[in-house]
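Read-outs: derived from the displayed coordinates by stated rules, not from any lab. None of these values were measured; they are calculated from a predicted model. Heads up, the Cβs are rebuilt from the backbone with ideal geometry, glycines too, and the neighbour counts pull from every protein chain shown.
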Amino acid sequence: MRSYLPAYELKTAATLDQALDLLAQEPGTWRPFAGGTDLMVLLEAGKLSHKNYCNIWNLKELRGIEVSATHVTMGALTTYTDVQANSVLQEEFPMLCQAARETGGLAIQNRGTLGGNIANASPAADSPPALLAYDAELELTSVKGSRWIAYQGFHTGYKSMVLKPEELLTRIRLPRRSGLHHYYRKVGTRKAQAISKICFAGTAQLNGDEIVDLRVAFGSVAPIPIRCVSTENVLRNQRLARATIDRGRAELAKEIVPIDDIRSTRDYRLQVSLNLLEDFLRRLSSSSV
């Protein structure tokens with residue numbers, strides 16, 4: 001059953017300050033509406049329960065990609081198409097570009113935004129694992145000012161986050177680091193326009209065959225996109241060998257909590273997740289030779 005459109009209200013903000021004022025006046029009443037790629041699906045299906053939205057799509061303050069000596073900073077309205085077109089992101093953050101390429105079709109990539117993908121808080125979203133593996137930071141802004149927080153810890157539970165009702169996610173910042181190895185895999189029913197069964201992102205820094213540092217992040221294996229810190233700790237400062245891979249697999253099996261749902265099963269997700277971690281480590285081993 002389709003939604004009854006007169007039951008909804010959409011106000012368009014002309015400026016960022018105007019949007020923040022609206023959110024502050026009635027906290028929780030108004031929610032941001034950006035690309036709308038998820039909200040419109042729910043609206044069409046008659047499942048969009050919230051009724052009041054603030055359209056932020058045209059806010060120039062939330063667009064653009066800035067590159068400094070230490071960071072790449074993206075406005076929350078940066079689309080997947082914008083990500084793919086940026087040469088610095090292509091060179092230094094290839095997993096984010098791959099996630100952008102594998103998210104929906106061209107229409108979705110032209111409208112879908114990084115900020116929306118984060119704030120929608122789906123555990124199956126494609127870009128969050130890459131952002132977690134790249135140590136992303138988020139700028140949260142209200143009429144009282146802005147604060148930067150680590151993306152790790154932003155999601156507190158299924159569809160729950162530290163974003164306050166009067167705050168807007170305004171920018172995403174990635175630290176620039178050299179010498180990283182990157183590994184990204186999305187496993188779905190088909191190769192395009194599919195919600196992931198499992199999404200994996202890993203980065204590592206090596207000294208010969210020793211893992212100096214690494215990040216391991218997953219989507220669709222927990223109520224939130226998750227960085228597997230315990231698994232990282234088991235693998236850090238270890239040499240790439242069969243015993244190290246086995247210890248990593250054992251720790252990962254304890255750290256993730258996949259479930260059965262319409263797209264896949266717990267057992268499948270667990271086994272594929274362990275296999276992806278092993279493939280990541282094996283590729284690191286090959287690159288260290």
For a quick check: sort HIS181, HIS50 by the number of other beta carbons within 10 angstrom, fewest at the front.
HIS50, HIS181
Quick one: among ASN237, ASN207, ASN58, which has the greatest mean-square fluctuation in a GNM of the chain with alpha-carbon springs under 10 angstrom?
ASN207
Peptides 246-252, 120-126 ordered by average Cβ neighbours within 10 Å, highest first:
120-126, 246-252
Using a 10 angstrom cutoff on alpha carbons, build the Gaussian network for the chain and name the most mobile of ALA130, ALA253, ALA107.
ALA107
Would you work out the relative contact order for the chain, in percent, from Cα pairs under 8 angstrom that are 6 or more residues apart?
15 percent
Label-point separation, HIS50 to THR73 (7 Å along Cα→Cβ), nm
2.6 nm
Region 5-55: relative contact order from alpha carbon pairs under 8 Å, six or more residues apart, as a whole percent, is 57 percent
At 1.567 mPa s and 4 °C, Stokes D of region 47-91 from Kirkwood alpha-carbon radius, µm² per second:
104 µm²/s
Kindly state, to the nearest 0.05, the FRET efficiency for ARG101 paired with ARG282, given R0 = 22 Å and r defined as their beta-carbon distance.
0.35
Remind me, relative contact order of region 23-180 in percent, using alpha carbon pairs under 8 angstrom and six or more residues apart?
26 percent
For the chain, whose charge dipole is built from +1 on Lys and Arg Cβ atoms and -1 on Asp and Glu Cβ atoms, the candidate among ALA34, TYR184, THR113 with its Cα farthest towards the positive end is TYR184
Amide H of VAL72: which non-local residues (sequence gap of 5 or more, or other chain) have their own amide H closer than 5 Å, using H built in the peptide plane?
LEU174, ARG176
What is the extension gain from ILE65 to VAL229, computed as 0.36 nm multiplied by their sequence separation minus the C-alpha to C-alpha distance, in nm to one decimal?
56.1 nm
Test of understanding: in a Gaussian network model of the chain with alpha carbons linked when under 10 Å, which of GLN84, GLN193, GLN109 would top the mean-square fluctuation ranking?
GLN193
Asserting the computed 222 nm helical MRE of the chain (DSSP H runs at least 4 long, -39500 (n - 2.57) per run, divided by residue count, to nearest 500) equals -9500 deg cm²/dmol
Considering amide H positions built from the backbone, and no H for Pro or chain starts, which residues 5 or more places from LEU206, or on another chain, come under 5 Å of its amide H?
VAL212
What distance in nm separates the two pseudo spin-label positions at LYS159 and ALA85, each 7 Å out from Cα along the beta-carbon direction?
3.4 nm
How large is Rg over Rh for region 1-119, taking Rg from the Cα atoms and Rh as the Kirkwood inverse mean of 1/r across Cα pairs?
1.02
By counting other Cβ atoms within 10 Å of each Cβ, how are ARG177, ARG185 ranked from fewest to most?
ARG177, ARG185
Listing MET74, MET95 by rising number of other beta-carbon atoms within 10 angstrom, fewest first, gives MET95, MET74
Which value, in debye to the nearest 20, gives the size of the charge dipole of the chain about its Cα centre, when Lys and Arg are +1 and Asp and Glu are -1 at the Cβ?
540 debye
Please give the charge dipole size of region 181-288, origin at the Cα centre, charges +1 on K and R Cβ atoms and -1 on D and E Cβ atoms. Round to the nearest 20 debye.
340 debye
Let's test the formula: R0 of 30 Å, r as the Cβ-Cβ distance of LYS144 and THR265. What FRET efficiency results, to the nearest 0.05?
0.05
